[in-house]
Amino acid sequence: MSGAALGFEIVFVFFLALFLLHRYGDFKKQHRLVIIATLLAWYLCFLIVFILPLDVSTTIYNRCKLAVNSSPAESNGSYVTLAPSKQKCFKPWSYIPDGIMPIFWRVVYWTSQFLTWILLPFMQSYARSGGFSITGKIKTALIENAIYYGTYLLIFGAFLIYVAVNPNFNLQWNQLQTIGIAAANTWGLFLLVLLLGYGLVEIPRSHWNGAKRGYLLMKTYFKAAKLMTEKADAEENLEDIMEEVRKVSESIKYNHPLRKCVDTILKKCPTEYQERMGRNMDDYEDFDERQNSYPSEKSLAKLHKQVIYSVQRHRRTQVQWQILLEKAFYLEDVAKNESSATRQFVHTFHSQEPENKIIQYFYTPTVEWYWECLLRPWFYRVLAVVLATFSVIVVWSECTFFSTKPVLSLFAVFIQLAENTYNYIYIEMACFLTIFFLSICVYSTVFRIRVFNYYYLASHHQTDAYSLLFSGMLFCRLTPPLCLNFLGLTHMDATISHKNTQPTAYTSIMGSMRVLSFIADGFYIYYPMLVVILCIATYFSLGTRCLNLLGFQQFMGDSEMTSDLIDEGKELIRREKRKRQRQEEGENRRREWKERYGNRDDSTRSRAVHTDQKESSFSETNTNRPLSKYTRSNGRTERDRVELLQDAEPLDFNADSVNDDPLESDSGR
């Protein structure tokens, strides 16, 4: 069982990262390198979170083993040990043999750092480039990242020169490596506290508000009004870009050297625009450089970049609008069914997607009514209280984890109590729940934030390549300081506990922060206390109010602009609801007509087919009869044909009607 737990978590975390990436990314349309790089970044970060509790339990066992194997006379002050007769160690079920964890952490950490500082920024520029060849995209990415990489090289070079000139510093390679790790963790901790302060308040509050049906419905109306504005803006932007593409396509003919670039741009356009542009093309005309001024390849690359962005944005807003409509309709159904006497949930519209038969069998309308109208609000309230309790514990521990005598951090108290009894399952569960809650607070904020239209993680496969890569960069930069902060909260980090005990394998890879005392004893200890101020600011929605004052409409109950947007969104939802009702009524009428007259039409059609078959069989039998007794000489046949031509009467085109059937004309005479 020693390696089974590690292997199981490695496989489980991989499928977890793959599932989340499939929810936000699009495996079919996005580049494979973008998918692989983002998957690797997410996978490594999630893996650190899941494997770290195993490292803690293994470290506690190793400390116990060292204490048992050493006697009080042999103790040199480095370890506080007990006599072998007074202490007995039990190997944890998830014990990882010595030598595996240091190699594992070294590979995971340096791979994630290579991704976040070198590869992912380069791939971001590569994905957003409008170049028409791999060489052109690489060139554009290198130019865009020249300032980015040059700044780091300049800072690192200046630091090396300062160390070489100053005789007081005698740094070795391991110390330089530790300084680099400390610099990266300092940047990550600065951003970590900002995101953590928001998530510690917003996650419990969102679950508490999730129990309020009226609140959710009003917020959905507000989102509908904002999304409709964004949707109209995206459609207008797409029309403008497509008009530029049409002009370029008409000016650059088939035999122009840049026609291949234009064809590449046209392939990225929506299908209806491609068909419209294809009908208006006159490719038989040759181009004349002396008469027309043609765009350059650089301008076409810029247009290509705009087409990719506008098409992605238009598609995303369309999908989000449909999802928001379904949510609004469902919340309105919940509000109507709360006063239902039958206690069966009735939907206004049937689901457009086929439901699973197993779920449909167990999740009956009665079960759905009890869950949505009675149990779910209370479940959300209880969950919000539990999450709020965790948030209070985290805030308290962040402010007191530097105190070792007495130990004030609640997480450190829990771990030390479990360490005295060597209850490894409790240790791993407590560590996992703690770091999992911290990760949820930080990562959910990463998924929620939106930087205009440049960074936005949209579900249902609507996230662009740039946002996916940017999220991978954030995860790789936030996860190492998050884990160090967790080890500090539990006093498993020797820098915080000030004990000369055996460190965890993860801490040994990070190196001793004593090289930079002002960071180890100052920034790492006192900066996390700012989480209290950020939590207070988030609780009173100071950031939301500031954005609202700057012109970015945010959902605020006491704002007049919010009320206007709610009314506008309510009217939009009502209009879409009437539209869908008319569509369903039309489909129901067609279905009833088909059920009522479908059999009659089928019988009439079958009789017509039967009559045609009889007539065709009769004509076939007439044509297939033997013609021996009707055969005549060639001269007689020619003479009969001439007589028939002479006896035929000419058609009277001035008559009122013309009868095509000669039998009817004979009977008339």
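The values are calculated or read from the model by the stated rules, or taken from the named source; none is laboratory data. In this text, all values refer to a predicted model and were calculated from it rather than measured experimentally. Cβ atoms come from the backbone with ideal geometry, glycine included; neighbour counts cover every protein chain shown. Surface areas here come from the heavy atoms of the whole protein model, side chains and all, with no ligands, DNA or RNA. Shrake-Rupley method; radii C 1.70, N 1.55, O 1.52, S 1.80 Å.
Some points to look at:
- Among the candidates 442, 385, the residue that is under 25 Å from residue 331 (Cα atoms) and of a type outside the set (D, E, K, R) is uniquely 385.
- Some residue of the stretch 326-340 being over 29 Å from residue 218 (Cβ atoms), of a type in the set (A, V, I, L, M) and surrounded by fewer than 18 Cβ atoms within 10 Å (Cβ to Cβ): no
- Going through (1) open to solvent by less than 40 Å² (accessible area, probe 1.4 Å); (2) at pLDDT below 90 one by one, residue 156 falls short only on (1).
- Candidates 374, 408, 417, 383 - the one that is under 28 Å from the mean Cα position of the chain (by Cα) and either surrounded by 13 or more Cβ atoms within 10 Å (Cβ to Cβ) or not hydroxyl-bearing (Ser, Thr, Tyr) (or both): 383
- Residue check, residue 478 closer than 24 Å to residue 196 by Cα, modelled with pLDDT of 85 or more and open to solvent by 50 Å² or more (accessible area, probe 1.4 Å): no
- Condition met for residue 33 (surrounded by fewer than 18 Cβ atoms within 10 Å (Cβ to Cβ), without any contact (Cβ under 8 Å) to a residue 60 or more places away in the chain and either assigned by the TED database to the domain that holds residue 122 or closer than 18 Å to residue 427 by Cβ (or both)): no
- Check on residue 267, open to solvent by 80 Å² or more (accessible area, probe 1.4 Å) and free of Cβ contacts under 8 Å to residues at least 12 places away in the same chain: yes
- Criterion applied to 211, 183 was being touching a residue at least 24 places away in the same chain (Cβ under 8 Å) and surrounded by fewer than 18 Cβ atoms within 10 Å (Cβ to Cβ), and the one residue passing it is 211.
- Conditions (1) under 25 Å from residue 95 (Cβ atoms); (2) not in a helix (DSSP H, G or I); number of the one not met by residue 402: (1)
- The listed residue being among the hydrophobic types (A, V, I, L, M, F, W, C) and either over 26 Å from residue 310 (Cα atoms) or outside the structural domain of residue 479 (by the TED database) (or both), out of 134, 155: 155
- Filter result for residue 85 (over 17 Å from residue 504 (Cα atoms), assigned to a helix (DSSP H, G or I), modelled with pLDDT of 90 or more and polar (S, T, N, Q)): no
- Looking only at residues of the stretch 201-246 that are of a type in the set (Gly, Ala, Ser) and farther than 30 Å from residue 269 by Cα, we find that the one that is modelled with the lowest pLDDT is 214.
- Checked against the criteria, residue 491 does not count as in contact (Cβ under 8 Å) with a residue 60 or more places away in the chain, in the same structural domain as residue 63 (by the TED database) and touching an Asp or Glu at 6+ places or on another chain (Cβ under 7 Å).
- Odd one out for residue 243 among (1) surrounded by fewer than 17 Cβ atoms within 10 Å (Cβ to Cβ); (2) in contact (Cβ under 8 Å) with a residue 12 or more places away in the chain; (3) assigned by the TED database to the domain that holds residue 308: (2)
- Scanning the stretch 254-264 for residues that are open to solvent by less than 30 Å² (accessible area, probe 1.4 Å) and either more than 13 Å from residue 304 (Cβ to Cβ) or at pLDDT below 85 (or both) turns up 256, 259.
- Residue within the stretch 97-113 that is modelled with pLDDT under 50, open to solvent by 100 Å² or more (accessible area, probe 1.4 Å) and either over 16 Å from residue 56 (Cβ atoms) or among the aromatic types (Phe, Trp, Tyr) (or both) present: no
One line per residue, one yes/no per condition, for (1) modelled with pLDDT under 90; (2) out of contact with any helix residue (DSSP H, G or I) (no Cβ under 6 Å at 6 or more places or on another chain); (3) open to solvent by 60 Å² or more (accessible area, probe 1.4 Å):
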residue	(1), (2), (3)
310	no, no, no
355	yes, yes, yes
390	no, no, yes
399	no, no, no
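- Being open to solvent by 40 Å² or more (accessible area, probe 1.4 Å) and under 23 Å from residue 460 (Cβ atoms) is a description that does not apply to residue 8.
- Given (1) modelled with pLDDT of 85 or more; (2) open to solvent by 30 Å² or more (accessible area, probe 1.4 Å), index of the condition residue 49 fails: (2)
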